[in-house]
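The values are calculated or read from the model by the stated rules, or taken from the named source; none is laboratory data. These figures come from a predicted structure and were not determined experimentally. Here the Cβ is made from the backbone with ideal geometry for all residues, glycine too, and neighbour counts use every protein chain on show.
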Amino acid sequence: MTFLICYSLLALSLAMTAWRLFQGPTAADRILAIDLLAVITAAAVVLHAIDEGTPVFLDVIVVLGVIVFFGTVALARTLTREP
C-alpha cells in the first residue's frame, strides 16, 4: 500500500512537471523542468529497486545523475553565453 501511494505521488509530480515543461515561459523554466523530470525518474527507479528488493537498478541512477548534471550545466552555460 505504501508503494502504491509513493508511485501515485511520483506520477502526480511527473504530470505537474511535464505541464511546466510545456507551459514554461522561459528556457530556464524548461531546463529546470527537464532536470526535475530526471530527479523524479531517479526516485521512481529507487522506489522500484526497493520494491523489487534488487540493487541492480542503482547503477542506472548514478549514470542518469551524471548525465543530467552535465546536461544541465551545458544548457545553463549556453543560456548565459552572450552572442
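Looking across segment 47-56, the residues that are farther than 15 Å from Leu14 by Cα and assigned to a helix (DSSP H, G or I) come down to His48, Ala49, Ile50, Asp51, Glu52.
Of all residues in segment 25-43, exactly one satisfies the criterion of being surrounded by 15 or more Cβ atoms within 10 Å (Cβ to Cβ), of a type outside the set (A, V, I, L, M, F, W, C) and over 8 Å from the mean Cα position of the chain (by Cα), namely Arg30. Per this entry, Leu12 is counted among residues that are surrounded by fewer than 13 Cβ atoms within 10 Å (Cβ to Cβ), assigned to a helix (DSSP H, G or I) and out of contact with any Leu (no Cβ under 8 Å at 6 or more places or on another chain). Step by step: first the residues of segment 61-83, then only those that are in a helix (DSSP H, G or I) and over 16 Å from the mean Cα position of the chain (by Cα), then the one that is farthest from Leu37 (Cα to Cα). Which residue is that? Restricting to residues being in a helix (DSSP H, G or I) and over 16 Å from the mean Cα position of the chain (by Cα), the top hit is Thr80.
Close Cβ contacts (under 6 Å, 6 or more residues apart or on different chains) running from residues in segment 2-17 that are of a type in the set (Ser, Thr, Tyr) to residues that are in a helix (DSSP H, G or I) and surrounded by 15 or more Cβ atoms within 10 Å (Cβ to Cβ) comprise Ser13/Ile40; Thr17/Ala33; Thr17/Leu36; Thr17/Leu37. Every test in (1) closer than 30 Å to Thr2 by Cα; (2) at pLDDT below 90 is passed by Thr80 save one, and that test is (1). Could you please let me know if Arg20 is out of contact with any Phe, Trp or Tyr (no Cβ under 9 Å at 6 or more places or on another chain), assigned to a helix (DSSP H, G or I), free of Cβ contacts under 8 Å to residues at least 24 places away in the same chain and of a type in the set (Lys, Arg)? Yes.
Residues considered: Asp59, Asp51. Of these, the only one that is under 17 Å from Cys6 (Cα atoms) and charged (D, E, K, R) is Asp51.
Restricting Phe57, Phe22 to those that are among the aromatic types (Phe, Trp, Tyr) and at pLDDT 90 or above reduces the list to Phe22.
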